[in-house]
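Provided herewith is a single structure, encoded as structure tokens, for subsequent inquiry.
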Amino acid sequence: MINSMTGFGRAEETDGGRDILVEVKSVNHRFFDFNARISRGYGFLEEKLKTALKSQVSRGKIDVLVAVEPADGEDVTVQVNHSLVSGYLDALYEIRRRYNLPDDISVDTVARFPDVFTVRRAPEDEDALWEEVRHVLEKAMDPFLAMRAAEGAHMKEDVLGRANTILKLVSGIEERSPQTVEEYRNKLKERISGVLEGAAVDEGRILTEAAVFADKVSVDEETVRLRSHVSQFSDMLESGGPVGRRLDFLVQEMNREANTIGSKCADAGIAHMVVDLKAEIEKIREQIQNIE
């Protein structure tokens, strides 16, 4: 199966008295790039999430959101940072004395300052929480993976169609190439006959010149290699799995052969086919940038 690197999945449920939300989304990337946003106090989940994702996704920019809402009645204590409160009060009194301000300092005034209160929860059972989050993650992964697979199937169908178009163009080039040599030989003979004005034409010299031209414009090696690359490309798509990088390499090689054919061609018909050939290869290259 061929997978796209684009996907999205979301799941939410109450487990163990907690409300847990998990979102997973991904876009294309050369490597496995993982980023997690997790509710404060649950950072220990990040490495576990990364390991779980990496076991199912080999490539892509993966963003995971995990929101955990603590259960009602959870053992929570609120502590006052008395040394900090004392410092705030000293500063407020100094402002009052120095600027002769009214004495309106209250508890509400002090409570508004940052870090006055520290909220502490009872020690978390990390293994139990991970099991709850993992359960929700698995539910989010189902639509995430399904989306990647569905898009991957469409991409596979598209690039296989373009690969067949490339083979047809290669066949056209192979059919046209010998004709260009024969046309060159006939034109050369006509030119020489015109110059010699009826004198005998050296057929051996014409054949030699035609052979040199044929060798110069021969694209047999390039078309054979191009067919081989297309065959390997199709085999990789049929085999499935994370083949995006290997496909990218093959497309580079296909483009290299097309460029060589273009540099050798001395015929307008072949030149037009090479333009179409390169256009199809470029469209394939664009598509496989999002194949895992």
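Return an integer: the convex hull volume of the alpha-carbon atoms of the range 76-121, in Å³ per residue.
Details: hull volume 2.9 nm³, N = 46.
Dividing the Cα hull volume of the range 76-121 by its residue count gives 62 Å³.
If packing is taken as the average number of other Cβ atoms within 10 Å across a peptide's residues, how do 103-112, 268-277 rank, most packed first? Each step should come with its number before you reach the end.
Numbers: 103-112: 10.1, 268-277: 16.9.
Descending packing order for the listed peptides: 268-277, 103-112.
Next question. Of Lys54/Lys278; Lys168/Lys264; Lys139/Lys283; Lys61/Lys156, which pairs sit farther than 29 Å apart, going by alpha carbon to alpha carbon?
Numbers: Lys54/Lys278 36 Å; Lys168/Lys264 19 Å; Lys139/Lys283 35 Å; Lys61/Lys156 21 Å.
Those over the limit are Lys54/Lys278; Lys139/Lys283.
Restricting the count to DSSP beta bridges whose residues both fall in the range 2-114, what percent are antiparallel, rounded to a multiple of 5?
On the way: 18 of 25 bridges.
Of those bridges, close to 70 percent are antiparallel.
Would you calculate the volume per residue, in Å³, of the smallest convex hull containing every Cα atom of the range 1-143? Mind showing how you got there, number by number?
Details: hull volume 23.6 nm³, N = 143.
Here the figure is 165 Å³ per residue.
Filter the chymotrypsin sites (Phe, Trp or Tyr not before Pro) in the range 6-47 to those in DSSP coil with at most 13 other Cβ atoms within 10 Å of their Cβ, and list the result.
Working: sites: Phe8, Phe31, Phe32, Phe34, Tyr42, Phe44; in loops: Phe31, Tyr42, Phe44.
Here the chymotrypsin sites (Phe, Trp or Tyr not before Pro) that fit, given the DSSP loop and packing criteria, are Phe31, Phe44.
Would you mind checking the range 233-253 for residues with the amide N under 19 Å from a putative spin-label position 7 Å along Cα→C-beta of Arg285?
Zone members listed by number: 233-234, 244-253.
Quick one: if the Förster radius is 35 Å, what FRET efficiency do Ser83 and Asp63 give, using the C-beta to C-beta distance and rounding to 0.05? Don't skip to the answer; put the middle values down first.
Working: r = 40 Å, r/R0 = 1.15.
For R0 = 35 Å, the calculated efficiency reads 0.30.
So what's the Cα pair-distance distribution over the range 17-99, bin width 5 Å, in %?
With a bin width of 5 Å, the distribution comes to 3, 11, 15, 13, 10, 8, 8, 8, 8, 7, 5, 3, 1, 0.
Would you pull out the residues with amide H under 5 Å of Gly60's amide H, same chain only if 5 or more places away, H placed 1.01 Å from N?
Residues meeting the amide H criterion: His29, Phe31, Phe32, Asp33.
Something else now. Suppose each label sits 7 Å from its Cα in the direction of the beta carbon; what would the Lys50-Glu157 distance come out to in nanometres?
3.8 nm
Can you list the HN-Hα couplings for the range 252-257, worked out from phi with the Karplus curve (6.51, -1.76, 1.60; θ = phi - 60°), rounded to whole Hz and with x for Gly and Pro?
My calculation for the range 252-257 gives 4, 5, 4, 5, 4, 5 Hz in order.
In nm, what is the difference between 0.36 nm times the number of residues separating Gln252 and Ser228 and their Cα-Cα distance?
On the way: separation 24, 0.36 × 24 = 8.64 nm, distance 1.34 nm.
Additional length available on full extension: 7.3 nm.
If we count every other residue with Cβ under 13 angstrom of Glu157's Cβ, Lys/Arg +1 and Asp/Glu -1, where does the sum land?
Summing Lys and Arg as +1 and Asp and Glu as -1 gives -1.
Here, each number is a calculation from the coordinates, and none is a lab measurement. Because the structure is predicted, anything quoted here is derived from the model rather than measured. Cβ atoms come from the backbone with ideal geometry, glycine included; neighbour counts cover every protein chain shown.
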